[in-house]
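Just below is one structure, and these are the notes that go with it.
The values are calculated or read from the model by the stated rules, or taken from the named source; none is laboratory data. In this text the structure is predicted, and so the values were computed from the model without any measurement. Reconstructed Cβ throughout: ideal geometry from the backbone, glycine too, with neighbour counts over all protein chains shown.
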Amino acid sequence: MTTATDPPPAARATTSRTGDVTAAVEAARRAQPGWDALGFAGRRKALNAWCALILRRSDELVDLIRAETGKTADDARLEVVLVAHHLRWTAAHAARVLGRRGVSPGLLMFNHAVEVTHRPLGVVGVIGPWNYPAFIPIGPVSAALAGGNTVVLKPSELTPRTGEWLMATLAEVTGGTRVLHVVTGDGTTGEALCRAAVDKISFTGSSATGRRVMAACADNLTPVVIEGGGKDAMVVAADADLDAAADAAVWAAMTNAGQTCVGLERVYVVDAVADRFLGLVTERAAALRTGDGPEADLGRIVLPRQLDVIATHVGDALARGARAVLGGPQSITPPYVAPIVLADVPEDSAAVTDETFGPVLVVNRVASVEDAVERANASGYGLGASVFTRDRSRGRSVAARLRAGMVSVNAVIAFAGMPAVPFGGVGESGFGRVHGPDGLREFTRTQAVTSQRFRPLMQPTSFRRRPGTMPALVRMVRTLYGR
Ligand code: NDP
């Protein structure tokens, strides 16, 4: 039996062959009309029951996540809390966001009534990463289900059992009817899912894999949501509450041992307060412990090859003149990496330009907040960002200038704990949104139905229109809009 202290498995998943993937998609397709027929109220009831079951058995899920990822108990507990929070919101708000609504036909077509509905796409394929094996998939899975779709989930090959646990618990509350199917395996299973006859793919993972997913989906014109990687930056203004900023920076950079897509990897701090900020960051980060036990703050680095990326970024930065304020290459003791804080790192070095995905924080001093914004935006990624300043209105105006999908003012990663807030990035970080109303609409097709209530006196859209109709219409439009 696997326990939370076993090393995380490498490539444990048994590979689903293309035939298995096709069978799962077909089974999901068969289950879809019945699930859709439950309506919003029926699906809400089932999803709420699933949420309650997950919470009743949350210790089981925490242990499973820990066994597959090696994360600390608190990191796993936080993940389960977020699962419940998002699932419950999605179930509660699907009817309001996706339900039938009337739309004004406008003056020219006033004789029509219009209704807009959001119909399910059919079967949605969800491809997930290993770093949050329950929380990340639950966003697209719950939104797709709430909208009346059924789902085939391909978890990371490192976390198949978490995916299977989600499938089994949902089947318990749907009376054995599988509306969520799981196919396991490596990238070839993911590719097979992209090429199967699914109606949309929601992909979360690295930007490089995202490109392969899009290429595979292109053959069938299957639409995609891409939630790619990130290189999130924090801007610290001279008037910031430095204590709060340092506390937030250390948590955002080190939680889940730095393996968070919206984890903090860069800080741009205004020169006047840079030394004090660095001192506070270093003091807090130095107190963190790695390990598997209950006292640990940072668990393992899950992917062995990520250790090489971390070592390369740190080594390259130091060779190019960066200062190791805390830790350094010696902090890398597989499977753990203790917190590393680097200062004065060249902006064109890999530690600044590429996703490190480990507990490494780059802190660079800048002349002004404007300078900080410019450097933060110089990245190809654009996922999350944060701003610390005591002037909240200034914080919001800085946020507006940051090229990022989500920005927190005087907090970090706050948006991830808010189920109503759309989540997603720009550029290398991808496109499309999960969470919130946008995330719900992402897995539906919008249909507009117009119905003529009575025949109008003027009928411009007929070859049998009267000779005076078009001049009268042009006169009317000029009167209305020509000023
Ligand atoms: P990968 O890109 O390696 O894998 C993501 C998923 O895609 C896995 O299930 C993987 O399978 C699968 N996959 C691999 N190759 C293919 C393919 N050719 N076609 C279809 N699917 C494929 O990412 P990681 O699992 O390593 O996750 C870490 C990355 O995810 C980081 O870059 C991180 O920033 C990003 N991420 C982004 C988030 C966001 O919301 N924007 C959230 C969380 C993470 P397998 O694992 O079996 O190889």
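Here are some notes:
- You will find that of Ala249, Ala233, Ala245, the residue that is within 16 Å of the ligand (Cβ to nearest atom) and crowded, with 24+ Cβ neighbours inside 10 Å is Ala233 and no other.
- Of all the residues in the range 41-72, those that are in a helix (DSSP H, G or I), polar (S, T, N, Q) and more than 25 Å from Ala92 (Cβ to Cβ) number 1.
- Val236 meets all of the listed conditions (1) within 13 Å of the chain's Cα centre (by Cα); (2) not assigned by TED's automatic domain parsing to the domain that holds Arg119 but one, namely (1).
- Subset of the range 396-411 that is in contact (Cβ under 8 Å) with a residue 60 or more places away in the chain and away from the ligand (no atom under 16 Å from the Cβ) - its residue that is nearest to Trp251 (Cα to Cα): Ala411
- When residues of the range 300-314 are limited to those that are touching a Phe, Trp or Tyr at 6+ places or on another chain (Cβ under 9 Å) and farther than 10 Å from Gln259 by Cβ, the one nearest to the ligand (Cβ to nearest atom): Val309
- Count - residues of the range 329-363 that are more than 27 Å from the chain's Cα centre (by Cα) and of a type in the set (S, T, N, Q): 3
- Tabulated pairs, the range 412-438, first in contact (Cβ under 8 Å) with a residue 40 or more places away in the chain and farther than 22 Å from Ala92 by Cβ, second part of a strand (DSSP E or B) and away from the ligand (no atom under 12 Å from the Cβ), C-beta under 6 angstrom, 6+ apart or interchain: Val412/Ser386
- Residue within the range 439-450 that is modelled with pLDDT under 95 and either more than 15 Å from the ligand (Cβ to nearest atom) or within 26 Å of Val262 (Cα to Cα) (or both) present: no
- Qualifying residue in the range 135-146 (condition: farther than 18 Å from Ile201 by Cβ, near the ligand (Cβ under 10 Å from one of its atoms) and in contact (Cβ under 8 Å) with a residue 12 or more places away in the chain): yes
- Subset of the range 195-208 that is within 20 Å of the chain's Cα centre (by Cα) and surrounded by 22 or more Cβ atoms within 10 Å (Cβ to Cβ) - its residue that is farthest from the ligand (Cβ to nearest atom): Lys200
- The single condition among (1) farther than 30 Å from Val21 by Cα; (2) free of Cβ contacts under 8 Å to residues at least 24 places away in the same chain; (3) within 16 Å of the ligand (Cβ to nearest atom); (4) of a type in the set (D, E, K, R) that Arg211 does not meet is (1).
- Single condition Thr18 does not satisfy, out of (1) hydroxyl-bearing (Ser, Thr, Tyr); (2) away from the ligand (no atom under 16 Å from the Cβ); (3) at pLDDT below 95: (2)
- Residue match in the range 321-334 (condition: of a type outside the set (A, V, I, L, M), assigned to a helix (DSSP H, G or I), surrounded by fewer than 18 Cβ atoms within 10 Å (Cβ to Cβ) and touching a residue at least 24 places away in the same chain (Cβ under 8 Å)): no
- Restricted to the range 169-194, and to residues there that are within 12 Å of the ligand (Cβ to nearest atom) and without any contact (Cβ under 8 Å) to a residue 40 or more places away in the chain, the residue that is farthest from Val262 (Cα to Cα) is Glu191.
- Boolean, Glu79 is touching a residue at least 60 places away in the same chain (Cβ under 8 Å), outside the structural domain of Val477 (by TED's automatic domain parsing) and of a type outside the set (Gly, Ala, Ser): no
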